[in-house]
Structure formats: structure tokens, C-alpha cells
Amino acid sequence: MLVAPARVPATRRLAATLYGYAFLTDLVLLYPLYVLLFADTGLSVGQISSLFVLWAAAGIVLEVPSGVWADAVSRRLLLCLAPLLAAAGFALWVLLPSYPAFAVGFLLWGAGGALRSGALEALVFTELERLGAADRYARLIGRTRTAEVLGAVGSGVLAGPVFALGGYLAVGAASVVTCLLAAAVAARFPEHRPPPTAPVPTAGDDEPGWLDSLRLGLREVRADRRVRAAVLLVAAVTAIWGGLDEYTGLLAADTGMAEVGVPLLLLLVWAGMTVGGLLAPLGERLSHSGYAGLLVFAAAATAAGALLRHPAGFVLLAAAFAAFQLATVLADVRLQARITGSARATVTSLAGMATDLTIVAFYAGYGLLAGAMGNPAAFAVAVLPYLLVALWLLTGRA
């Protein structure tokens, strides 16, 4: 589908705003250092783990309500509020370093992530559809994932020098500033909705109220098998490799690489994720069998790279994470294309909640696996479910 020339500037503005927002959201200099901050404050490993549980719980509890709120009120408003909540949490961490402050900060950060999840995808797809450019969604979302990775890489590069200049306070202040900039960029997102003074519509209208949004979203997932399958596919594809990403540092250390070299191996993985996001337009051409093959390749490359127990294995791991990133973008594209109702953010948030629940279960399972057989073997075993997902795709039921 061709975009009308008069609408090209609007599409470009949407894309530029989206990429800037994604980059700034992940350009948080506390990312590489917050665990060290917790440890330096005197927290035990158990206390730090409990903070991660609070973080995940906040996202799970608020995921669907925030999606419903986005559909009923304003998706752009939620995208503005999300980084502000994170900024408040980061400020608490460095101004009042203590377990209660860290806990509240994680709750705020988790709430911000929930506000952003669902609202962002729904706003972008809706605006592209309005412009007659829905076929560009995969390209934009793929590049958005790349912008997020680049933001994380930037935080890793800048965190050390800023910490050397001013310690945790300087790193925290820089993190708050980037969050405020992200909120300012979010205010530039276009959003075409009825005027605030319009009467609250009923469930049959295009713009439902809060309860109607929830009912419509749940009804669409229950009634449409294709939408339900797409929701499950997002969770199945995203959760495992998203969880494994948190343990790549431990896997790198198990290769015998010195600590100073571990970030270089992680940079290789991030480079793979960047490439995967950029390949989204080409990935749209994949058939069901091609998509299944992509997952099989990613699982096999992950297992082989991990079991190699050598830094060279991270080349395979980078290729695997490129494929996983591409598969995740394509799963989101499939979901957005199948949603037909007005509760788009609600349905997308249901997929996000399913992903979060799966990741929490994965963390528990991985801990048992790694404790029993070590990180390399745990990586190899963890990706086996992707073979079942590939088989499901080949049956044509996904």
C-alpha cells in the first residue's frame, strides 16, 4: 500500500517521535549499576531478589487495567506518565537509598512499564491505519526495538564515566533527566480521539468507556480464535528469550572470559538484537513454515552457542537473539493485524500480561535448572519449548 504524499510528513513525524521515545526510555544510566547500588546499601541477595518480584508483580497487576485505561481515556497520556513514574522511582533510589525506597521505586517503575505496554503499540498501529500506512507497522516497530537496544547500549557506555564524576547521585540525576525528556517527546505523539466533552459512548460505539473497553477486549480474545492464538503466540515467543537475556552475563562468565571482557560479549548479543529489529520488513514475507523455521534456528543456535562454553559461542548467541527479536516483532505484527475492535490497547495488554506471567514462571524454572546443571545446559534446555511452538505454527492453528 502506498502512502499518499500529503501524509508522508505525518508518518515521518510519528516515526521520529516513536524512535526518540524508545531510545530515551531505555537510556537510563542506572540500568547497569542499580544492582550494585542495592548491594552497596547493604541489601542481601534475597532482598534484591524480592525487589525483582515486586517489580514483576506491579507489571502483572497493572498491565490489563492500564491497557483498558489507554483505550478509554488517552494512549498518549499514558505514554507521558510512564517515564514520569520511573523518574520518581529513580530519584527515590539515590536520594533515600534503603530497602523501602527501592521497593517503592520498583513499584513505580513497574507501573510505568505497564502504562507504556499496550498503549504504545495500539497508538502507533491506529495512527498508521488512519494514514493508510498500516503496512509500515512492522518496519516502525522493528526499528523501535532497535532504538531501545541502542538506548540500553548508550546507558552502558555512559554509566561508568558519569559514575566516576559524581557517583550514584550523578547517575540517578542523569536517569531522571532522560525520563523527563522521554515524557516531553511522548507529548508529541499524534492521537485522534473524540473531544473530551463528548458523551461517554456505549459498548457498541467506536470509543468505549473504561468498563466497555475491558468487556470488548476480553470478548474479542474469547470470541476470535485467531486473536486468541496471536495473544498466546506473543507470550510463547517473547517470554523465554526475554528471560534468558537477564542471564547472558552469567553465561559469559562461565566461558572463562575475564570480567573486563564480559561487556564485550554482551555487546555482541545487543548487536544481534539490533539487527533482528531492522530485519522486520523482510521477516513479514515469511510463511507459517518460514516463521517456524526461524524459531527452530534461534533455539538451535542458542543451545549450540551456550554448550560451546567458549566466547566464540556468543557469535551463535547473537545470531539467535537476532532471530528471536525478529520473531517477537512479527508476533506483535500478527496480533495487531488480527485485532478488529476498538479495544486494541486492552487486547495488547492481555498479551503483555500473559508474557509477564510466563516470564515469572520461567525465572523460577531457570533457577532450578541452572542450580542443577549450570548455565550452559540450562540455556540449552530452556529453549526446547520453542520446538513445540514451531510445531504449533506448522499445524496452522497459530
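Each residue in region 372-381 was checked for being open to solvent by less than 80 Å² (accessible area, probe 1.4 Å) and without any contact (Cβ under 8 Å) to a residue 12 or more places away in the chain, and 0 of them qualify.
For the structure I just gave you, tell me whether residue 110 is at pLDDT 90 or above and open to solvent by less than 10 Å² (accessible area, probe 1.4 Å). I'd like the intermediate steps shown before the answer.
Numbers: at pLDDT 90 or above: yes; open to solvent by less than 10 Å² (accessible area, probe 1.4 Å): yes.
Yes.
Contact map, region 10-24: first residue closer than 20 Å to residue 154 by Cα, second residue outside any helix (DSSP H, G or I) and open to solvent by 10 Å² or more (accessible area, probe 1.4 Å), Cβ cut-off under 7 Å, separation 6 or more or different chains; pairs are 17/188. Out of region 42-58, which residues are aliphatic (A, V, I, L, M) and not in a helix (DSSP H, G or I)? Correct list: 43 only.
Taking the stated definitions as given, is residue 364 modelled with pLDDT of 85 or more and either at negative phi or surrounded by fewer than 23 Cβ atoms within 10 Å (Cβ to Cβ) (or both)? Can you show your working first?
On the way: modelled with pLDDT of 85 or more: no; either at negative phi or surrounded by fewer than 23 Cβ atoms within 10 Å (Cβ to Cβ) (or both): yes.
It is false that residue 364 is modelled with pLDDT of 85 or more and either at negative phi or surrounded by fewer than 23 Cβ atoms within 10 Å (Cβ to Cβ) (or both).
Would you check if residue 324 is more than 18 Å from residue 232 (Cβ to Cβ), in contact with a Ser or Thr (Cβ under 9 Å, 6 or more places away or on another chain), in contact (Cβ under 8 Å) with a residue 40 or more places away in the chain and open to solvent by less than 10 Å² (accessible area, probe 1.4 Å)? Lay out the reasoning, then the answer.
On the way: more than 18 Å from residue 232 (Cβ to Cβ): no; in contact with a Ser or Thr (Cβ under 9 Å, 6 or more places away or on another chain): yes; in contact (Cβ under 8 Å) with a residue 40 or more places away in the chain: yes; open to solvent by less than 10 Å² (accessible area, probe 1.4 Å): yes.
Answer is no for this residue.
Restricting 357, 388, 369, 384 to residues that are exposed (fewer than 15 other Cβ atoms within 10 Å of the Cβ), under 17 Å from residue 240 (Cα atoms) and either touching a residue at least 12 places away in the same chain (Cβ under 8 Å) or among the aromatic types (Phe, Trp, Tyr) (or both) narrows the list to 384. In region 54-65, the condition of being open to solvent by 20 Å² or more (accessible area, probe 1.4 Å) and closer than 17 Å to residue 28 by Cβ is met by at least one residue.
The values are calculated or read from the model by the stated rules, or taken from the named source; none is laboratory data. This one's a predicted model, so the numbers in the text were calculated from it and none came from an experiment. Note: ideal-geometry Cβ built from the backbone for every residue, glycine included; neighbour counts use all protein chains shown. Ligands, DNA and RNA are excluded from the accessible area calculation, which covers all protein heavy atoms including side chains. Shrake-Rupley method; radii C 1.70, N 1.55, O 1.52, S 1.80 Å.
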